[in-house]
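Single-structure report; data block below.
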Amino acid sequence: MSARAAEAGAEIEFEEHSLENGLRVVLSRDDRSPVVAVNLWYNVGSRNERPGRTGFAHLFEHMMFQGSANVPEAGHFAFIEKAGGSLNGSTWLDRTNYFETLPAHYLDLGLWLESDRLGWLLPAMTQAKLDNQRDVVKNERRWRVDNQPYGDWDERLQAMMYPPDHPYHHSVIGSMEDLDAASLEDVEAFFRTYYAPNNAVLSLVGDFEPARALERVRRFFGDIPRGPAVPPIPGRTTLPPVLGAEVRDTVEQDISLARVYEAYRIPAYGTDGYYPALVAAYVLAFGRASLLYRTLVRDRQLAQDVVAYAFPIVVGASMMVSWATARQDVDVDELEVALSGQIEALATADDADIERAVALIETRHLLDLQTVDERADQLSMHATLFDDPGRINTELERMRSVTAAAVRSFAEQYLRRENRAVLRYVPHAGAGR
Amino acid sequence: MRAGTAAPPRLPPPVPVRLPAVRSHRLGCGLQVVVAERHDLPVVDARLVFRSGAAGDPPAVAGRAFIAARMLDQGTAAFTATRLADEIETLGASLETHAGWDSTVVALHVLAPRLDAALRILAEVGLRPTFPDDEFERQRSERISAITHERHDPATLAGKTFAAAVYGPRHPFGAPLGGTTESLSSLGVADVQQYHRQRAAAGNAFLVIAGDVDGDALVPALEDLFDGWGEMPPGDASAGQADANGGGPAVIVVDRPGAPQSELRIGLPGPPRRTDDYFPLLVGNTILGGAFTSRLNILLREEKGYTYGAGTRFAFRSGGGPFLASTAVFTGATADAVHDIVREVGRMGREAVSLEELDRARRYLTLGLPQHFETTGDVAERLGEVELFGLGAGYHEGWVAQVEAVTAESVADASARWLRPDALTVVVVGDAEVVVGDLERLGTGEVHVRASG
């Protein structure tokens, strides 16, 4: 913890425990509001999917809301909403998380629901539930990807940035064909392989007495048996530090504004090399004083909007993605040249640009930590990915200690043509407006 | 099988809600200031709110409030736009200016140690914008460019088509908040500047500050910052509201050949924020489509698998605003989903909701209240709503009792008034060739097909 952040009162206190069945538990008392966040990270994501079952980790997440031995179908949502809580789950490349925020004195309810589906999910599984949620997920894919301008960009960029045998090569949402192929046997096998207390972290943040909360956690989760050792991530999990050659693709869509995506391979999240990349993304496109906004949107009026961010992913290498949407009638080649040029120019960025980015990161970080659900999610994340929930307190210092020289040197090393994928969306040839 | 802990835990009775202590103060210039102190984290949210928004734009000048709000930080007496962005972001702060239907907001997020410098910029943006020509042209052409994109975004297209159909060409709500190509093309920088001058007065604004501040020390500083601001607007700022005249119920299909999904928007004009029916409608909407376990989401998602999600809401603007059901369903399910939504909307006023549903909705709302006050941004927004709509001191303190007083009868009664199935407008953005026949067979209304381009 840096002296400055400690002075600012932002240090998050927590305690860490481990149950006999391997469940890791992080408890952080926070009595600012009479609520409690219950947050579970399972160390499984789309990266663990086998060939022919893309999208399965996410489909499985949906099945976790379909009831368990003692919770009726749709009961999970009904119990939480009746208690005034909010809840959801999400699946990403490296993890699947489940979370609810409840009035603090209803902690038991969250623990009971989460433990019932971790310990006793399979007795409640049926083909009808699977078929229903398969339809829901296919509609999610239509909504997010297929019926959305530029909607398949992450799927395309992942395939361009990671080789076919790397676990990030395919998207979280998966293909319609693979979703169709998913069976009840797959649900059972996936559950038995990955949904075990020894493959999960449970974080509680809110207005509770930690000793009592731990006793309640033991009561609800203690009977769940440890699972077998979790198999390693399939496929190739190491990568060269840079791509080696530019990869390009151009897609025609029913759009009127072209858009250029550029992705650069960067060091994996959590490594020292990642933080200059994170700061670089802020320098490029966070706020209206950022480089890309200033040059492409304001001065040259080539772009409608600009975005840049570093993915917090950990297997082999991460990526920094940037995009710019063209102004009406702006030529896509001109936009691409300008975008690449500005990104490469980060190698000569001013100190002031970098200091401003760090100041923005600091504010953003403290604002995020205002909510118990965000605190709980970050504790679970750091425990799951790095086996160190304490990184919630040191992460800001990692970002703050990035020097201007480190950002410039990162840019010189990584933000180059031979380390990028360029994905361009252009209106259908001959399309009218 | 699970032993010992198989049964759901019994929930203890609710605990009273703790709400932030609020202090109000009127500055010498007439500006109302609302302060809620909170010292757990060194962060502050401030919102300078003008009581004027896009509801005051007749359709011919749609987008005027939107562009005026965007222009506030595009140059002031002391700063160019570039310099201002640089100043604020070097503080690590964010300052956003935007227009809603009922208000124009300058919203600031900042760490407490940098509040003074950031507030100076906020006051500068609120009091002394200069509306430079070149910045205006940039904002306008950026917006026009964005509008060309919106024609290809099914969700935006559906929303705009719905608003135009329900409110018609003469009502402000019938045009997009951000304007149309036509309205923006005829808008001049002088129009925008005059619009702002007629509304930017201390008596037509208020300031909410929530977070790690010392209220006693803050007030004198604010007196200095806002010193000399005129209380009353110099001109007539009244908008004059036309009646909605969308031409009655209809089914409109905006054709997107080959679309894998249909975006659905179904609704009608709703009541103003200060309607006496507010709480029955809030509870009723929670049952109908305002929560995951609402009737529409359970039916269309969990039972039929037609969609990733379905929901409903009342806009509750000062001057009304629509009730709207929204979802995106796979193309083959379009007509059946429309049928279900129309039936469920109508059923709210025809049959009393079950006591189980009523109980769940009331608990969902009342027990969930603390989550709406979790961050300084939440607090500033909630307090801003009270001030903007004139909900009165003690509004949130009495909120739980108001929700608990809602009965099945009051829900049915309010729903019968506002959710009239014969007055619904149905908008479908999807593949006309596939969906039109089924929609005609539904008999909900005459089906009109339009091109999307």
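Values quoted throughout were computed directly from the atomic coordinates according to the rules given, and no laboratory measurement underlies them. None of the values given here were measured: they were computed from a predicted structure. All Cβ positions, even for glycine, are placed from backbone atoms using ideal geometry, and neighbour counts span all protein chains on display.
Out of the DSSP beta bridges found with both residues in the protein assembly as shown, what percent are antiparallel (nearest 5)? The antiparallel fraction comes to roughly 75 percent. Size of region B:65-196: Rg and Dmax of its alpha carbons, in Å, are 16.4, 50. Toward the positive end of the charge dipole of the protein assembly as shown, with +1 on the Cβ of Lys and Arg and -1 on the Cβ of Asp and Glu, the farthest Cα among B:Ala164, B:Ile341, B:Ala107 is that of B:Ile341.
Size check on region A:219-351: the Cα extents along the three principal axes, sorted descending, read 62, 41, 38 Å. Note on region A:193-239: the alpha carbon radius of gyration divided by the globular reference 2.2 N^0.38 Å gives 1.62. Taken about its Cα centre, the protein assembly as shown carries a charge dipole of about 800 debye when Lys and Arg each add +1 at the Cβ and Asp and Glu each add -1 at the Cβ. Peptide A:126-138 has a mean shielding of 3, counted as Cβ atoms of other protein chains within 10 Å of each residue's Cβ.
Per residue of B:350-360, other chain Cβ atoms within 10 Å of the residue Cβ number 1 on average. 3J(HN,Hα) along region B:400-406: 4, 5, 5, 5, 5, 7, 6 Hz, from the Karplus curve 6.51 cos²θ - 1.76 cosθ + 1.60 with θ = phi - 60°, whole Hz, x for Gly and Pro. Taking a point 7 Å from the Cα of B:Gln402 along the Cα-to-Cβ direction, the residues of region B:272-300 with backbone N closer than 19 Å to it are B:272-287, B:290.
How far is helix A:210-221 tilted, in degrees, relative to the longest principal axis of the Cα atoms in chain A, given as a value from 0 to 90 rounded to the nearest 10? Here the helix axis deviates by roughly 80 degrees.
Taking every residue in B:42-49 and counting other chain Cβ atoms within 10 Å of its Cβ, the average works out to 2.
Label-to-label distance, B:Arg23 versus A:Glu246, with points set 7 angstrom from Cα along the beta-carbon direction: 6.1 nm.
Coordinate range of the alpha-carbon atoms in chain B per principal axis, descending: 65, 63, 41 Å. Selection among A:Pro149, A:Leu109, A:Val136 by position relative to the dipole of region A:97-187 gives A:Pro149 as farthest towards the positive end (Cβ unit charges, Cα centre).
Distance between the C-alpha centres of region B:259-312 and region A:109-181: 25 Å, rounded to the whole angstrom. Rounded to the nearest 0.05, the FRET efficiency derived from the C-beta distance between A:Thr238 and A:Asp131 at R0 = 41 Å is 0.60.
Within the listed set A:Ala104, A:Ala383, A:Ala74, the residue fluctuating most in the Gaussian network model of chain A (springs between alpha-carbon atoms under 10 angstrom) is A:Ala74. Annotation: lysines with alpha-carbon distance below 27 angstrom to B:Lys160 (same-chain offsets under eight excluded): A:Lys138. Sorting A:His169, B:His152 by the number of Cβ atoms found within 10 Å of their own Cβ, with the fewest placed first, yields A:His169, B:His152.
Here the Karplus relation 6.51 cos²θ - 1.76 cosθ + 1.60, evaluated at θ = phi - 60°, turns the backbone of region A:406-417 into coupling constants of 5, 5, 5, 6, 4, 4, 4, 7, 10, 8, 9, 3 Hz, with x for every Gly and Pro. Taking the three principal axes of the alpha carbon atoms in the protein assembly as shown, the coordinate ranges are 75, 69, 64 Å, sorted in descending order. Amide H contacts of A:Val242 (H built 1.01 Å from N, in plane; Pro and chain starts excluded): no residue 5 or more places away or on another chain comes under 5 Å. Proximity of backbone amide H atoms, modeled 1.01 Å from N, is registered between A:Ala326 and A:Ala258, A:Arg259, A:Val260, A:Gln304 at under 5 Å, excluding neighbours fewer than 5 places apart on the same chain. Taking Cα atoms only, the orientation of helix A:332-344 departs from the longest principal axis of chain A by about 70 degrees.
Helix B:115-127 and the long axis of chain B differ in direction by around 80°, with both axes built from C-alpha atoms. For chain A, the residue among A:Ser380, A:Gly341, A:Pro276 whose Cα projects farthest onto the positive side of the dipole built from Cβ charges is A:Gly341.
The modelled label-to-label distance between B:Arg83 and B:Ala155, using points 7 Å beyond Cα along the C-beta direction, is 4.0 nm.
Note on B:Asp438 and B:Arg343: with the Förster distance fixed at 22 Å, the Cβ-Cβ geometry gives a FRET efficiency of about 0.90.
Gain on full extension, evaluated as 0.36 nm per residue between B:Met232 and B:Leu391 minus their Cα-Cα distance, stands at 55.0 nm. Hey, what do the phi angles of region B:259-272 turn into as Karplus ³J(HN,Hα) couplings, whole Hz, using 6.51/-1.76/1.60 and θ = phi - 60°, x for Gly and Pro? Result, rounded to whole Hz: 4, x, 9, 10, 7, 10, 9, 10, x, 6, x, x, x, x. Across region A:1-115, Cα-Cα distances exceeding 22 Å account for 47% of all pairs.
Placing +1 on each Lys and Arg Cβ and -1 on each Asp and Glu Cβ, with no other charges, gives region A:194-298 a dipole about its Cα centre of roughly 180 debye. The residues packed around A:Asp249, meaning those with a beta-carbon under 9 Å from its beta-carbon, carry a net charge of +3 if Lys and Arg are +1 and Asp and Glu are -1.
Around the amide H of B:Ser318, modelled in the peptide plane, lie the amide H atoms of B:Arg273, all under 5 Å away and 5 or more residues distant in sequence or on another chain.
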